[in-house]
Amino acid sequence: MSQRTERRGIHVDQSDLLCKKGCGYYGNAAWQGLCSKCWREEYQRVRQKQIQDDWALAEKLQREEEAAYASSHGPGHASLGPFSKFEEKKTNEKTRKVTTVKKFFSPSSRTASKKETQEGKTSPSISRHASFDTDQVSKDFVDFLKNLQKPGREIHKQCRVFLVNMSSKKDLGADELSECVQDFYQNLADRLMTHFKGSSESVEQVMDQVEKYIMTRLYKSVFCPETTDDERKDLATQNRIRALHWVTIQMLCVSMDEEIPEVSENVVKAITDIIEMDSKRVPRDKLACITHCSKHIFSAIRITKNEPASADDFLPALIYIVLKANPPRLQSNIQYITRFCNPSRLMTGEDGYYFTNLCCAAAFIEKLDAQSLNLSPEEFERYMSGQASPRCSSAEGEWPHTGPGAGVAATNPVLAQLNHNLEQLSTISSRQEKVMEAAQSLQADLLSWTESVQREVNDILEKYPLTCTVSAIDANNIDNDNLPPPLTPQVFAG
């Protein structure tokens, strides 16, 4: 099978996803195209070279200091007591912890952390005013460590010291913060591997709890820090996805039929999972949301095709889900997972595979153009500007696709109903405008008619004025004397 997968609308070179060193794992753009393992080795190599350079510089400065002391006190004093101080200093320099994590566990750091605790200068993330979620995570972490007895107390102590030291490093950049956390993971994992005698499963369980505890405490200070442009990238990605709202499932050649109820249900669940990722604090939990979303996508494809889904079907479907969901702070979440997730989780397993595909989907959306959707540049610009809609073109028999499979799948029934409702609303709006115009015309006619009638009445009254005479009713009644007398009431005894 060719390494290059070509689908109409999607062009993905599988070799671009692999590590540049050819180890077989998937690479990551945030790690310069390397996988987690190779990136770690490269980082350790550069770190070791820096340590050696530091030692060479320290020895050079020490020799210069010895030469300056010997020249100022004479040759006879070079081998006396002061020389022993230089030897002691040299020994201390060689045995000093040079990595960030080892500095955290040095006696000076422990002393400083105790002083800060006594003075009440703790980080806001570990203060007693922490949120309920943070307190619950701390309680669960302590309950988990109780089963480990003595090693559990040592792990808890190291985590506390690490958090206190991190509270004083808020001014560091995102990469430096990532190095501190990753070094802490590596150092603690090495110690646990020695304690559990090579049981990787036990070490992984402990490291999962450590990651949950540490990153819940540090979340507010390390997620989308001000020293990065993550927020700007988030806004750019959201605006980009909003501008691509017109992209249909047919343009991406997605093997999903949303008219099938089970498929539509899985699509909704996938969208919910990818949106829910932003509400999680722990990198592992964010990865779990991505994994759940991907599994729902595979289920939707399997139901549609009545056969197991392939990797070629998965990536276009994931791109479609991201476009429909427009997940909040997508770039920040990707960077957060890359910087602070346990490396072992990204190097192997389905979590790392799904996360790599999400990174590819985000990169594809950023670079999506007319050629990617098999459209002409003019059509693409009209759709982007809102001057035309591919759904309207499809309804008029002007579907722009000419490749195989064009126009085979029907439009999403929900979107079709939405378009129908919009047309009805437009018709009602125009009819309402006509009714309002007729009502205003009728009102004007009524006013003019009232005025004309009033003028006519006034003219008639002026031309024929009314005269009224009042006289007694019986004044001219000559027969009044011939009337019988009025009746008088009679009373009968009874």
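Key figures
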read-out: Accessible area of residue 185 in the full protein assembly, 1.4 Å probe (Å², nearest 10); value: 10 Å²
read-out: Cβ-placed point charges (K, R +1; D, E -1), dipole of region 262-322 about Cα centre in debye, nearest 20; value: 240 debye
read-out: Potential lengthening between residue 447 and residue 231 on full extension [0.36 nm per residue; Cα-Cα distance subtracted]; value: 71.6 nm
read-out: Extension gain, residue 63 back to residue 259 (0.36 nm per residue minus Cα-Cα distance, nm); value: 62.6 nm
read-out: Per-pair calculated FRET efficiency, R0 = 25 Å: residue 21 and residue 47 via Cβ, rounded to 0.05; value: 0.90
read-out: Two-site FRET efficiency, residue 461 against residue 430, from Cβ-Cβ distance with R₀ of 41 Å, rounded to 0.05; value: 0.30
read-out: Interchain or long-range residues, amide H under 5 Å from residue 18's placed H; value: 27
read-out: Point-to-point label distance, residue 422-residue 310, nm (Cα→Cβ direction, 7 Å offset); value: 3.5 nm
read-out: For region 299-362 versus region 205-278, the gap between their alpha-carbon centres in whole angstrom; value: 9 Å
read-out: Two-site FRET efficiency, residue 193 against residue 146, from Cβ-Cβ distance with R₀ of 22 Å, rounded to 0.05; value: 0.55
read-out: For residue 154, solvent-accessible area (1.4 Å; no DNA, RNA or ligand), Å²; value: 80 Å²
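The values are calculated or read from the model by the stated rules, or taken from the named source; none is laboratory data. The model shown is predicted, which means the values in this text are computed figures rather than measured ones. When we count neighbours, we look across all protein chains shown, and the Cβ atoms used for this are built from the backbone with ideal geometry, even at glycine. For accessibility, only protein heavy atoms count, side chains too; no ligands or nucleic acids. Shrake-Rupley method; radii C 1.70, N 1.55, O 1.52, S 1.80 Å.
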